[in-house]
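The values are calculated or read from the model by the stated rules, or taken from the named source; none is laboratory data. Remember, predicted model here, so these are calculated numbers, not experimental data. Note: ideal-geometry Cβ built from the backbone for every residue, glycine included; neighbour counts use all protein chains shown. Keep in mind that these areas ignore ligands, DNA and RNA; they rest on the heavy atoms of the full protein, side chains included. Shrake-Rupley method; radii C 1.70, N 1.55, O 1.52, S 1.80 Å.
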Amino acid sequence: MMKFADNSCSKTVSYIGEADGKETPEDVSSLLDRLALIPFDFSIDDSGSSAQEHGACCSKNVMRKQRHWEKIVVAKKSKRRQEKERRKAKQSGDVSGGTDAQHSKKFLKALTKKRLLEAKDSGPKLCIDLSMTDHMSKKEISRLAAQIGRLYGSNKKAAKPFWLYLTGLVENSLLYDECVRMNDGFVHYLVESTEDHFLDLFPLEMIIYLTPDSDLVLQDINPTKVYVLGGLVDESVQKKVTYQKAKDHGLHTARLPIQEYMVKKDNVKNYHSEILAINQVFDILRTYCETRSWPEALRAGVSPGKGFVLQDEITLEN
């Protein structure tokens, strides 16, 4: 579109000589001079359409990104929902023996409580002797409190839980306070907690004190017996503390069959130890009750850091 820059030039231009139909060179030259004086605007006014096209382009990009983001959000929500359902199904299966029924947390909690209370009458019995805190530093007592929490958590998950006794636990003592501080819900644990000594609770013939220094090997777990673990975390490695205590009271002792099923493995520090945390010992006892296999039980409780491996694992490596 051509525009005249001046309205005065919008009048009709008549050629000189048009009346007589003759054009002289002078007429043509004069006409060209006059046309040269008229300014014309040859620019194309498309600013509006360009802005509209740019805006439309931007809107399309924004909408495309928004749709893409919405798809991502929906996918994440769906994935989280599926993961939650899988966890529920797995937890329900573990507790109820592999059934597909999905239960609420309240139901699972009630079911766990029922199993633990049933163990009081029919399950194996494990006693943690907590009367040796005078042999431990504050740091070691804190570690023992943490081990008690892990042991109880493992027992709650067991298909065949033990009935647990915490003996020699004095209320408001350092160990008691650490147990409350480090373990949520400790005061509501389904265990028998008492300040009494275990010797005041059970006949001597029922007690088997588990200690790594015993000469006798634990062959099986008898539900009519009470197995006692010394609640002792000893970083200074005071040897035979629990064994000597058991012998002083004329108690039967036994050790886990680590030497019978495991062998020492070479390591950089040349470190080998049969001394386990109480929760590790419990994991061995629990797994044995469920599988009736000492190799499986020892694999569950003896960490590689102890320097022992199962004999069949050494054979496979060779």
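Taking a 1.4 Å probe, which of 261, 227 shows the most accessible area, and what order do the others take after it?
Numbers: 261 85, 227 5 Å².
Order by accessible area, largest first: 261, 227.
Going down the list 139/240; 79/105; 160/306; 114/239; 106/160, which pairs span over 30 Å between their C-alpha atoms? Working shown, then result.
Values: 139/240 21 Å; 79/105 21 Å; 160/306 27 Å; 114/239 40 Å; 106/160 21 Å.
In this structure, 114/239 lie more than 30 Å apart at Cα.
Leaving ligands, DNA and RNA out of it, rank 128, 208 by accessible area with a 1.4 Å probe, largest first. Numbers along the way, then the final one.
Details: 128 5, 208 30 Å².
Listed by decreasing accessible area, they come as 208, 128.
What nm value, rounded to one decimal, do you get for the distance between residue 291 and residue 69 when each label is placed 7 Å out toward the C-beta?
Placing both labels 7 Å along Cα→Cβ, they lie 5.1 nm apart.
Note down the magnitude of the dipole of the range 122-221 about its Cα centre, charges +1 on Lys and Arg C-beta and -1 on Asp and Glu C-beta and zero elsewhere, to the nearest 20 debye. The partial results should precede the final answer.
Details: 9 positive and 15 negative charges, 131 e Å.
Roughly 640 debye for the range 122-221.
Find the accessible area per residue for the range 99-153; the probe is 1.4 Å, ligands and nucleic acids are left out, and the unit is Å².
Averaged over the residues of the range 99-153, the accessible area is 56 Å².
When the accessible area of the range 138-186 is computed with all protein chains present and a 1.4 Å probe, what percentage of it is carbon and sulfur? Don't skip to the answer; put the middle values down first.
Details: 1100 of 2250 Å².
On the range 138-186, the fraction of accessible area on carbon and sulfur atoms equals 49 percent.
Just want the answer: with Cβ charges of +1 for Lys and Arg and -1 for Asp and Glu, which residue in 135, 216, 243 is farthest toward the dipole's positive end in the range 125-258?
Checked the options; the winner is 216.
Among 227, 262, 294, flag the residue with its Cα farthest along the positive direction of the charge dipole of the range 218-307, charges on Cβ as +1 for Lys/Arg and -1 for Asp/Glu.
262
Which order do the peptides 275-285, 183-193, 152-162 come out in when sorted by mean C-beta neighbours inside 10 angstrom, highest first?
Numbers: 275-285: 20.9, 183-193: 14.5, 152-162: 18.4.
So the order, starting with the most tightly packed, is 275-285, 152-162, 183-193.
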